[in-house]
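**Student:** Handing you this structure, nothing more for now.
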Amino acid sequence: MHRTAWRQLQDFSGLGGDATYLWPRWLLLRAIGLVFILIFVGILDVAQVLVGPSGLTPVAGFFTELRETHPNALIAFLRAPSLFWLGGSASLITTVAAAGLAAALALTFNLWPRLALSACWLCLLSFVATWRGFSGTQLDQFMLEAALLSLPFAPTGVRPGLGAASPPRPIAVFMMRWLLFRVMFESGIVKLIAGDPHWLNLTAMDVLYETSPFPTILGYLDHQLPHAYHVGEIALTFAAEIVAPLLAVFGGRRGRWLAFGTWVVFQTGIQLTNNFGWLNTGSIALGLLLLDDQMLTAAATRLRLRALPSFLNRTATPHLPPPINPWKLRALRGALWLHFSLTLYFFATSCGLPVDGLPFSLLRPADTLFAGFHSANPYTLYAGLLPGRRAVEFEGSNDAGLTWRTYDYRYQPQRVDRVCPFIAPWYPRFEATLQVEANRNAPSPLYGLVAAHLLRRDATVTALFARDPFRDRPPTLLRTPAYRLTFTDLATHRATGHFWHKESLGYYQPTMAINARGEISEAASPLEELRLLANHGNARAQNDLGQLFADGDGVPQDGAAAAQWLRRSADQGNVVAQTNLGLLHAKGSVVPRNEIEALAWFNLAAVSGDPEALKNQAIAARRVGPAGVRAAAERTQLILAEIAAQKNPPR
């Protein structure tokens, strides 16, 4: 039994046996090229907005901070290995992204694959290492590692065709399959050891679709299925992530077919329900490594595909690997075994496993030397699930906060009557990053940066949203309401057309405002927010602020300030402020008592027919008598003239 297991392990590692890998390699490299095309098209679309000189987080500012925190130039470079050490100009950013796209196209069309892979890796690394939170998920790291390990796996030459002249060496086959094994197995094991109760009590799939990045209509429908079905999905998850990789290693070719089928079904289901960008597409492509030329030929024969088996047999005949200089072979083996050790170390540390006393604990300095390259990674997706879905929106106002208009996202859940479209393998990096940041424990500064750019009418940032809600006049105020989103049930959807319940969670961060000089301020407290709205002409806020000064509620009692704010609100026709201003003068507690002035304001308020104002008007009129009533009427007309003059100042 032990001999059989060892033989199967050798077979999985590319040692011994009759297996060749020309067609699986050819298909895998084309798939990697297509994914890189998607990646660099996406980068070209948003790179200037995210990290350009006028973007949200300029790359030049990143390097300034890095130099301040890491004066040692070598350590600073290792923290962020990137071509952007050469500069952070818009032209260089576009050049690097375009070079990556050109390399991805070359890889897809099988032109100089090793050089193309090197360029894809370097160009993507240059962005991943420098754009901070905009690469906060494992999608980029996965492709960086796949590109790096594909270098010795890929054929040599400018136009290698199927690469029969340079078949992959066993150690290159092993490292690629080791990557696939880790993507599968680590994701399953971490679900068991991380301690999230959802996986242990079999409720993970009851909440996963609701909290996944961009759930589709299929995700919504899947969420409605009974708990027993979701338990079956958990069984499929562990079958694909734990059983399948073990079958791939120890089950021979039959086991690898079973593992490949389970993996493809699993990854396809995730992509159709959750829109995880290119992660599932890349994972399916990586699954091709479970196959070999002989397995493909046997499958074509069984399916009676006529000439295909003979074509595969004829073309998939590798030559002997070309001789390689011994020192180069030793260097290659040393680099790949170092990578192997690093993957073990990083996985152990990411899972919180003890490494002290173990042989690879000697790799602790590697965290400084290699972590910045993001090319030896643990794969711990969904080790823990979010407790719920929190959504943060951007709302602006150009009328002092009387009405608020929403900036609509293109993809992520926002409207209650809309679910996400099918967008995978496309990855909407901007919205995905906002979604990740919204679920952190403390408010993310990214929301403040986006809000500031929206207030400054940055057209490139506004274009990231579905539409510009302020085509008439620009906003002067911006706030970020937060919500908890939960799926509706099918009965509610049939009755209302709603996919989501939307529960307010207050505001994510303080309201922001911009003045005529382009200066942005932020309300650090409820009182500051009230001042902000009042200064921008919000009549209700002006009245509330005036009352605070009149009562000394949270601020020093100040009659002059109370009268000033109430007057500004009353001049806008706010009946409550007119009444309050009248009461302020009638009481005479914080301003000199003036019953004529009080009656004049009660007169203005009474025009609206407000019962309280009419009552106060009658009481004040009895107090001042007929002469006072006439004086108050004259004062009322004078106030109206003052208000009219403010609205129509002389030219």
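Coordinate-derived values only; no laboratory data. This is a predicted model, so every value here is computed, not measured. Glycine gets a Cβ as well: all are built from the backbone with ideal geometry, and neighbour counts include every protein chain shown.
**Student:** Using label points projected 7 Å from each Cα along Cα→Cβ, tell me how many nm separate GLU612 and TRP426, to one decimal.
**Tutor:** Result for the modelled spin labels: 5.2 nm.
**Student:** What does the charge count around ARG415 come to, taking other residues whose C-beta lies under 10 Å from its C-beta (Lys +1, Arg +1, Asp -1, Glu -1)?
**Tutor:** Here the count lands on 0.
**Student:** Would you please give the residues with an amide H less than 5 Å from that of GLN509, counting only those at least 5 places away or on a separate chain, with H modeled from the backbone geometry?
**Tutor:** THR480
**Student:** Mind jotting down the distance between the C-alpha centroids of region 402-432 and region 152-202, whole Å?
**Tutor:** 33
**Student:** Would you list the membrane-span-like helices of the chain, meaning whole DSSP H runs whose alpha-carbon atoms span at least 20 Å along their axis and whose mean Kyte-Doolittle value is at least 1.0?
**Tutor:** 22-51, 90-108, 113-128, 170-193
**Student:** Report the gain in length on full extension from ALA495 to ASN515: 0.36 nm times residue separation, minus Cα-Cα distance, nm rounded to one decimal.
**Tutor:** Contour length minus the Cα-Cα distance gives 2.7 nm.
**Student:** Next question, about the same structure. Which length gain, in nm to one decimal place, applies between ALA459 and TRP327 when the Cα-Cα distance is subtracted from 0.36 nm times their residue separation?
**Tutor:** That works out to 42.0 nm of additional length.
**Student:** What is the Cα centroid distance between region 102-132 and region 283-337, reported in whole angstrom?
**Tutor:** Region 102-132 and region 283-337 have Cα centres spaced 23 Å from each other.
**Student:** Can you return the lysines within cross-link range of LYS647? Criterion is Cα-Cα under 18 Å, with same-chain partners fewer than 8 residues away left out.
**Tutor:** none
**Student:** Separate question: Please go through region 508-543 and write out the trypsin sites (Lys or Arg not before Pro) that DSSP classes as loop and that have at most 15 other C-beta atoms within 10 Å.
**Tutor:** ARG517
**Student:** Follow-up. Need the list of lysines near LYS587 for cross-linking: C-alpha distance under 26 angstrom, and skip anything on the same chain fewer than eight residues off.
**Tutor:** Correct list for LYS587: LYS615.
**Student:** Further, regarding this structure: Write out the chymotrypsin sites (Phe, Trp or Tyr not before Pro) in region 40-70 meeting two conditions: DSSP loop, and at most 13 other Cβ atoms within 10 Å of their Cβ.
**Tutor:** none
**Student:** Also, I was wondering about something else. Just one of (1) 116, 57, 53; (2) 118, 66, 37; (3) 87, 66, 51 is Cα extents along the principal axes in Å calculated from these coordinates, so which is it?
**Tutor:** Given (1) 116, 57, 53; (2) 118, 66, 37; (3) 87, 66, 51, the structure-derived one carries the label (1).
**Student:** Report the extension gain between ASN201 and VAL555 in nm, rounded to one decimal, defined as 0.36 nm multiplied by the number of residues separating them, less their alpha carbon distance.
**Tutor:** 122.2 nm
**Student:** Also, quick follow-up: Report the Cα centroid-to-centroid distance between region 469-487 and region 2-56 in angstrom, as an integer.
**Tutor:** Comparing the Cα centres of region 469-487 and region 2-56, I get a distance of 40 Å.
**Student:** What residues of region 515-547 lie in the reach of a label at ALA442, counting those whose backbone N is under 19 Å from a point 7 Å from the Cα along Cα→Cβ?
**Tutor:** 522-525
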